[in-house]
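K.L.:
This structure is in structure tokens; I'll ask about it shortly.
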Amino acid sequence: MEDVIYAEAFAATWVLGMAVMMEVGRRVGTRRLARDPAKGMAGLGMIESAVFALLGLMIAFTFSGASSRFDTRRMLLAEEVNDIGTAYLRLDLLPSAAQPPLRALFRDYVSARLVAYAKWSDADAAKAELARCEAFQREIWTRAVAATGEPGAHVEAARLVLPALNAMIDITTTRTMAARIHPPAVVYGILFILGLGCALLAGYGMAENPTRSWAHILGFIVLVGAAVFVILDLEYPRIGFIRLDAYDQLLVDLLQQMK
């Protein structure tokens, strides 16, 4: 359903790339010190500070955005459950004969919504289920519009039932768009390049130390890689370890109440 950046692949590639760039930087720094030990690493501190600050800001902003979008998707799921529940309850305003088939359609509709998001990582399967959902929406709307004008309908049926159905239908578009909204790929490209640049500078700066400090090297690349892994996992909560599946239980509970 969307162009996905897989957190595991991105983070693993980034960690490996940073490890290589740190080693490259260290070797370049060692050669420079061997040629001109008097100059040392003069002037490097300000450059390192600026570049590392930029990396920190990029990670902070992307993490903040990913977390915000994750929360938005959770709240939209709750909003959809509320909209469906409200529309289902307002079916009581329709003639008694029209209610059973509409209630059955609602149950099928909620089931289709659950299946669509369960298959979200499979683009073709998810599209097929979303098409089923749209077909249910059209059928529910057509039957409800007809039922509001039948004898036995509440006098306010059209005014109360149809807006509730409209809200139920509109939220599906909102949820689909929210699931597809991510930062442009170039943002992650810049973050990737910036991380490699920081690793190069860090390795260059560590050349003054005759031995490698593995605690610092591994601590830096693993922690930064872990941060980016979490960011991407939050961005794509239907395919990673941080998932929205647990919150789909709201729809499951609603379906149980309809039976």
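K.L.:
Are any residues in the stretch 161-182 open to solvent by 30 Å² or more (accessible area, probe 1.4 Å) and modelled with pLDDT of 90 or more, and if so, which ones?
P.N.:
Initial filter on the stretch 161-182 (open to solvent by 30 Å² or more (accessible area, probe 1.4 Å)): 162-163, 166-167, 169-170, 173-174, 177, 180-182.
Selection gives 162, 163, 166, 167, 169, 170, 173, 174, 177, 181, 182.
K.L.:
For the stretch 228-259, enumerate the residues that are among the hydrophobic types (A, V, I, L, M, F, W, C) and open to solvent by 30 Å² or more (accessible area, probe 1.4 Å).
P.N.:
Scanning the stretch 228-259 gives 229, 230, 239, 241, 242, 246, 250, 252.
K.L.:
If I go through the stretch 99-115 residue by residue, how many of them are open to solvent by 40 Å² or more (accessible area, probe 1.4 Å) and of a type in the set (Ser, Thr, Tyr)?
P.N.:
Total meeting the criteria: 1.
K.L.:
Here's a follow-up. Does the stretch 88-96 contain at least one residue that is closer than 27 Å to residue 233 by Cβ and open to solvent by less than 70 Å² (accessible area, probe 1.4 Å)? Working first, answer last.
P.N.:
Looking only at the stretch 88-96, we keep the residues that are closer than 27 Å to residue 233 by Cβ, and these are none.
No, the conditions are met nowhere in the stretch 88-96.
K.L.:
Looking at 58, 46, which is the one that is of a type in the set (A, V, I, L, M, F, W, C) and either at pLDDT 95 or above or surrounded by 14 or more Cβ atoms within 10 Å (Cβ to Cβ) (or both)? Can you show your working first?
P.N.:
On the way: 46 fails: either at pLDDT 95 or above or surrounded by 14 or more Cβ atoms within 10 Å (Cβ to Cβ) (or both).
Residue meeting the stated conditions: 58.
K.L.:
Would you tally the residues in the stretch 190-219 being in contact (Cβ under 8 Å) with a residue 60 or more places away in the chain and either open to solvent by 40 Å² or more (accessible area, probe 1.4 Å) or β-branched (Val, Ile, Thr) (or both)?
P.N.:
8
K.L.:
Kindly indicate whether any position in the stretch 66-86 is open to solvent by 40 Å² or more (accessible area, probe 1.4 Å) and not in a helix (DSSP H, G or I).
P.N.:
no
K.L.:
Could you tell me whether the stretch 118-133 includes any residue that is more than 22 Å from the chain's Cα centre (by Cα), among the acidic types (Asp, Glu) and open to solvent by 20 Å² or more (accessible area, probe 1.4 Å)?
P.N.:
no
K.L.:
Among the residues of the stretch 138-152, which ones are open to solvent by less than 40 Å² (accessible area, probe 1.4 Å) and either in a loop (DSSP other than H, G, I, E, B) or free of Cβ contacts under 8 Å to residues at least 40 places away in the same chain (or both)?
P.N.:
140, the sole residue that qualifies.
K.L.:
Pick from 155, 186: which is over 21 Å from residue 107 (Cα atoms), more than 23 Å from the chain's Cα centre (by Cα) and surrounded by fewer than 13 Cβ atoms within 10 Å (Cβ to Cβ)?
P.N.:
Unique residue meeting the criteria: 155.
K.L.:
Which of the residues that make up the stretch 159-183 are farther than 15 Å from residue 85 by Cβ, among the aliphatic types (A, V, I, L, M) and more than 27 Å from the chain's Cα centre (by Cα)?
P.N.:
Within the stretch 159-183, just 162 meets the criteria.
K.L.:
Here's another thing I want to ask about it. If you scan the stretch 117-144, which residues turn out to be touching a helix residue (DSSP H, G or I) at 6+ places or on another chain (Cβ under 7 Å), aliphatic (A, V, I, L, M) and modelled with pLDDT of 90 or more? Don't jump to the end; show me each part of the working.
P.N.:
Kept after step one, since they are touching a helix residue (DSSP H, G or I) at 6+ places or on another chain (Cβ under 7 Å), are these residues of the stretch 117-144: 117, 119-120, 126, 129-130, 132-133, 136-137, 139-141, 143-144.
Then drop every residue that is not aliphatic (A, V, I, L, M), which leaves 126, 130, 140, 144.
Those that are touching a helix residue (DSSP H, G or I) at 6+ places or on another chain (Cβ under 7 Å), aliphatic (A, V, I, L, M) and modelled with pLDDT of 90 or more: 130, 140, 144.
The values are calculated or read from the model by the stated rules, or taken from the named source; none is laboratory data. Here the structure is a predicted model, which is why all the values come from computation and not from measurement. Cβ atoms come from the backbone with ideal geometry, glycine included; neighbour counts cover every protein chain shown. Each accessible area value is taken on the protein alone, full model and side chains, heavy atoms only, with ligands, DNA and RNA left out. Shrake-Rupley method; radii C 1.70, N 1.55, O 1.52, S 1.80 Å.
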